[in-house]
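Since the structure comes first, as structure tokens, the remarks are kept for the end.
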Amino acid sequence: MAVVDPAGGQPEQLIPWATGASGGQWRASDAYAYEQDPVGFLSEALGRCGDTFRFGRNAVFLGDPDEVHTVLTETGRAFHTGRDILDGFRSNPDEITALWMRGRRAGRAGLTARAASAGAHRMRERIRADLAALAGRPVDAAGEASGLCSRAALAYCLTSVPDALPARLATASERLTGVLDATVPLPAWVPGSAAHRARAAVRALTSVLTDVVEERRRGGEREHAEPDLLDALLTDADASAREARAALQMIITGTHVVPGAALTWLAAELATREGVLDSVRAEAAARGLDGDLPYTTAVVKESLRLHPPVWLMTRDVARTAKVAGYDVGPGEQLVFSPYLLQRDARWWQEPDRFRPGRWLDESQARRARHAYIPFSGGARICAGYRLGLLQLTQTAALLATEYTVGTVGDVDLTPTYESVLVPTALRVRWDPVPAR
Ligand code: HEM
């Protein structure tokens, strides 16, 4: 995984080196062991070194949920999320943070409250149409899920979605992920590099979004009675059109790769766990798709517990601090793993078992609160977590209500631990529920 090196201004590879796991010495075999089985390597290091250990040349790994919680809460002050991966890591993290937070605040109104019911209706119809278009044939789950998710989220966020937008968003998101996954991260000015290609795709996305914003500001777009995310961004009195476009772009860029991975795992659970699809179907029949769907939501949460798409996260240390007994400072990183926290037997009973029921027992769910971070936490918690949960719940309910779901051919649910977690091979097929 490529990470940011704040001191050197250049990206570098995370070098796995756990004090204790290798007797305190950097060994080439550690890098090899980590590449082969990152989770196995980290679990072993946790077993040998305890909850916290030095990891690589300039990182500290945190395995204690309360320490992770503190770091998430302090993000924006003592710690930063990574810098802009496309500007050669030159940007000032404080300025970037200020811009992001402003966009987030303005966007909040468009992702909740008033926009919610109209947006949810548009989103459901989009999901329904997309599921129907793919029904009756084998579908490569990871290949299609991101598109399903981003089209659904775009329908939620925008009253009318320009034809070019979903494809440009897909290309930009996939290429940005390619930058994160690149084995040799080269700067964006190197022609043909992953970052160069990503920057071109991001520009193409920016251009279509600039048109969307201009059109809306001119009032030329069809009258729309339902307020949407863009309305919320444009009613921020201080925001220029450029800032509204930037905030919109920031938010919708999150709708593709990560939610797609989440939906892929959810499809795996629905297709392979006996009885789950039937129970989701029964709940939707009893409560309707507009109401609360506690069991279906529990299925989604449990799938996100076992398979958090963002399985490893980092924070850059901005100011000198003490974390879990370690003195850290600028140039160092903190690393933690939602995947490992969410499968830790100290916080979860039968941690590796798929048990949606644990989410229906409030005391259990509350006890493990800090050990459940599929959407991160603190000020930089996923900007779309409510929408993410809603779209997964609605997709599960629609699939169960209208289709039977099964796997096709060889299935290999071994996770690939890249920047997002996806199963190695999963093809699914859904067919209309036979009329009774
Ligand atoms: C199930 C679906 C989703 C999951 C599991 C998820 C997970 C995450 C995680 C873990 C982060 C934080 C990464 C980090 O701190 O390193 C994040 C950030 C973000 N997500 Fe999501 N996400 C989902 C859906 C969405 C949706 C639907 C949107 C847009 C509407 C979205 C927009 C964002 C944005 C804008 C950020 C960056 C927030 C910031 O840095 O301030 N996400 N997401």
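The values are calculated or read from the model by the stated rules, or taken from the named source; none is laboratory data. Bear in mind the structure is a predicted one, so any value in this text is a computation, not a measurement. Every residue, glycine among them, receives a Cβ derived from its backbone with ideal geometry; neighbour counts consider all protein chains shown. In case anyone asks, the SASA skips ligands and DNA or RNA and just uses the protein heavy atoms, side chains included. Shrake-Rupley method; radii C 1.70, N 1.55, O 1.52, S 1.80 Å.
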Q: Please give the residues of the range 55-84, grouped as numeric ranges, whose backbone N is less than 16 Å from a label point set 7 Å along the Cα-to-Cβ vector of ARG369.
A: 65-74
**Q.** Area accessible to solvent at CYS382, 1.4 Å probe radius, in Å²
**A.** 50
Q. Want the number for GLN36 to TYR326: 0.36 nm per residue separation, take away the alpha-carbon distance, what's left?
A. 101.6 nm
Q: Report, by chain and number, residues whose modeled amide H sits under 5 Å from the one on GLU332, excluding near sequence neighbours (fewer than 5 apart, same chain).
A: VAL317
(Q) I need the shape label for the range 229-367. Rule: rounded when a/c is under 1.5, else prolate if a/b > b/c, else oblate, with a, b, c from the alpha carbon gyration tensor. (A) oblate
Q) Averaged per residue, what accessible area in Å² does the range 227-302 show with a 1.4 Å probe, protein chains only? A) 38
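Tell me, in nm to one decimal, what length is gained between GLN349 and ASP181 on full extension, where the rule is 0.36 nm per residue of separation less the Cα-Cα distance?
Values: separation 168, 0.36 × 168 = 60.48 nm, distance 3.33 nm.
Difference between extended and current length: 57.2 nm.
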Q) Taking the Cα-to-Cβ direction at ASP211 and at SER279 and moving 7 Å from each Cα, how far apart do the two end points lie in nm? A) 4.7
